[in-house]
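Derivation of every value follows stated rules applied to the coordinates shown; laboratory data play no part. Keep in mind that this is a model prediction, so the values were computed, not measured. Cβ atoms come from the backbone with ideal geometry, glycine included; neighbour counts cover every protein chain shown.
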Amino acid sequence: MFNRSVIFHLIAASLLLLAAASSALAHEGVEAGEHDITIGWVNEPPLLGEPNTVYLHITERHSGEPVDNVAGLTLAVQTGSQSRELTLRALDNPGEFGADFIPTVRGEYTIKLSGQLEGEPVNVTQHVEMVEPAQPYQFPAAVSTAPELTEQLVRLQAQNQELQAAVSFNRWLSLGALLAGLLGVGVALFARKSAPATEPARHAVDKSKTAVS
């Protein structure tokens, strides 16, 4: 019984360590002057169309003390060519801050910190975990979110435009072939009318002249 209890506790401790390691891997640590900043998501994995919060944990490097004043710090989130500043708010624990928004595009997001932190200039750029579709995590039925429906609509519109372009090209190609055929017929008729009389026709004309004489 004792051995089973020990094994059970070892397994439980291992699972907790794995969970903690997974969470730590999802958050990235960066240095900003004399401060250490951990950046990530509050809800992981981040899902498309679901409310989430950019997570910051800021401490002084040498003392390890949490920083509680970020009044001079600006946080912006960027994906692709689009960027937006977010409002920072204090979370439950000292040194932890968050910025709320809803990711509406799947893929990679970049967090940019600028301004000042306790009198030191800050200029940090950090990629965070990629935003994933929500359907694999939905139960009992997968439901498309508004951003996903928008993506599907955009894809359908693009396919429709490609189809229309192909139809238009084929239409012009057919019209060109028809015009080329008509032009060929016209050239043939013109050439036939403009051609000199053939030898049999000339002999017939000569015979008729002789008979008249």
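Computed values, structure above
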| quantity | calculated |
| --- | --- |
| Cα centre as origin, Lys/Arg/Asp/Glu Cβ charges: the stretch 37-157 dipole, Debye | 420 |
| Net charge of neighbours whose Cβ lies under 12 Å from the Cβ of Q126, counting Lys and Arg as +1 and Asp and Glu as -1 | -3 |
| Approximate shape of the stretch 27-143 as ellipsoid semi-axes (Cα gyration tensor, √5λ), whole Å, largest first | 28, 15, 11 |
| Ranked by how many other beta carbons lie within 10 Å on average, peptides 91-98, 158-165 from highest | 91-98, 158-165 |
| The stretch 20-176, relative contact order [Cα under 8 Å, separation at least 6], % | 22 |
| Computed over the stretch 154-198, Cα set: Rg, Dmax in Å | 19.7, 68 |
| Paramagnetic reach from F169 in the stretch 118-161 [backbone N under 19 Å; point 7 Å along Cα→Cβ] | 156-161 |
